[in-house]
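See below for the structure under consideration.
The values are calculated or read from the model by the stated rules, or taken from the named source; none is laboratory data. A quick note: this is a predicted structure, and the numbers were derived from the prediction, not measured. With ideal geometry, Cβ positions are generated from the backbone for all residues, glycine too; neighbour counts draw on all protein chains shown. Side chains included, ligands, DNA and RNA excluded: accessible areas come from the protein's heavy atoms. Shrake-Rupley method; radii C 1.70, N 1.55, O 1.52, S 1.80 Å.
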Amino acid sequence: MRKSRALAAAGAAVAVLGLAAPTATAGGDHHDTPSNIVALPSVIARGGRLTVTVDGCPQGGTMTSDAFRTTHLTPVRGANETSRGTATIDEEARPGSYDITVNCSGRRLTRPAAFTVIGGVRGGLGGSSTSGATPADMAIGGGLVTAAVAGGGLFWMRRRSERRI
């Protein structure tokens, strides 16, 4: 009975080591291959600045999209095999989802629908194109002040005459 338990324990240990060995070597096979693209913010307006981080890109590279010009990726100090770049979204970019393609050490990776461009607000001047009050504004304001003074004077005169009676 003791021999069967010892054989079972040894067999289990060999099985665990056998399954773990391929996993341990698979991690080193992606050296200098871009593996993950993260774009922040994921929703951005035209003219905004987009920060892209790429794992598996230790020497830097380039990134491109239909929403911005080709931009350089620079290695991040202290982060193993990571590069980062900042791109400005074109003012003419249409609202919608955009892909990002990264080139690192001669290898390419594309992340579909990496970020979304939203339409900007068409803000007008809102009446701020003139400086100061217009003649119409002055006439209306003057009329209101005159009416207030006349009404106050009439009210006061009536109160004085009521006291005399």
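Looking at this structure, is Gly141 open to solvent by less than 80 Å² (accessible area, probe 1.4 Å), over 30 Å from Asp66 (Cβ atoms), outside any strand (DSSP E or B) and at pLDDT below 95? Taking the combined requirement at face value, the residue satisfies it. In segment 83-123, the residue that is nearest to the chain's Cα centre (by Cα) out of those that are of a type in the set (Ser, Thr, Tyr) and buried (at least 17 other Cβ atoms within 10 Å of the Cβ) is Tyr98.
A search for C-beta distances below 9 Å between a residue of segment 37-66 that is at positive phi and any residue that is among the β-branched types (Val, Ile, Thr) and not in a strand (DSSP E or B), counting only pairs 6+ apart in sequence or on different chains, returns Gly47/Ile89; Gly56/Thr33. Here is the figure for segment 30-55: residues that are assigned to a loop (DSSP other than H, G, I, E, B) and modelled with pLDDT of 90 or more total 5. Taken together, the residues in segment 80-99 that are under 11 Å from Thr53 (Cα atoms) and in a loop (DSSP other than H, G, I, E, B) amount to 1. The number of residues in segment 56-71 being outside any loop (DSSP other than H, G, I, E, B), more than 22 Å from Gly119 (Cα to Cα) and open to solvent by less than 30 Å² (accessible area, probe 1.4 Å) comes to 3.
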